[in-house]
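Working notes, beginning with the structure itself.
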C-alpha cells in the first residue's frame with residue numbers, strides 16, 4: 001500500500017490555464033493527478049500522450065474536450081472520459097479534474113502540437 005497526502009503532491013504549472021498536482025506513487029503502471037483548468041489547454045493546437053491512456057473524472061465545473069478526429073464533447077461534474085494514447089485533444093472551460101494514467105504519465109511522452 002502507498003499513501004500520498006495532499007500536502008505531498010507536486011505542483012506543475014503546465015500553462016497559464018492549467019495547473020497539475022501530481023501524487024507521486026512511484027509505480028510504473030499507474031499514477032494520478034488533480035488538475036485545475038481555467039481556459040484553453042493547450043493554449044493553441046492539440047496535446048497528445050504517446051504512451052499513456054488517461055482516465056479523466058470531472059470533479060467540478062464544466063469543460064469541453066475537442067478531439068482532432070471526433071469533434072467536441074461537453075462534460076460536467078460527475079462525467080468521465082477516457083483519452084486513448086496518441087489521441088490529439090484540447091480542453092476549453094473551467095473545471096477541476098482527476099486524471100489517472102496507465103502506464104504512469106511522464107513528461108517525455110507528452111507532446112503539445114501547434
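The values are calculated or read from the model by the stated rules, or taken from the named source; none is laboratory data. From a predicted model like this one, the values you see are computed outputs, not experimental measurements. FYI the Cβ positions are ideal-geometry reconstructions off the backbone, even for glycines, and counts take in every protein chain you see.
Which of the following residues is loosely packed, with under 12 Cβ neighbours inside 10 Å, over 12 Å from the mean Cα position of the chain (by Cα) and at pLDDT 95 or above: 108, 16? Result: 16 is the single residue among 108, 16 that is loosely packed, with under 12 Cβ neighbours inside 10 Å, over 12 Å from the mean Cα position of the chain (by Cα) and at pLDDT 95 or above.
Listed by position, the strands (runs of 3 or more DSSP E) contained in region 25-104 that have at least 1 residues being without any contact (Cβ under 8 Å) to a residue 40 or more places away in the chain, at positive phi and surrounded by fewer than 19 Cβ atoms within 10 Å (Cβ to Cβ) are 53-67, 71-76.
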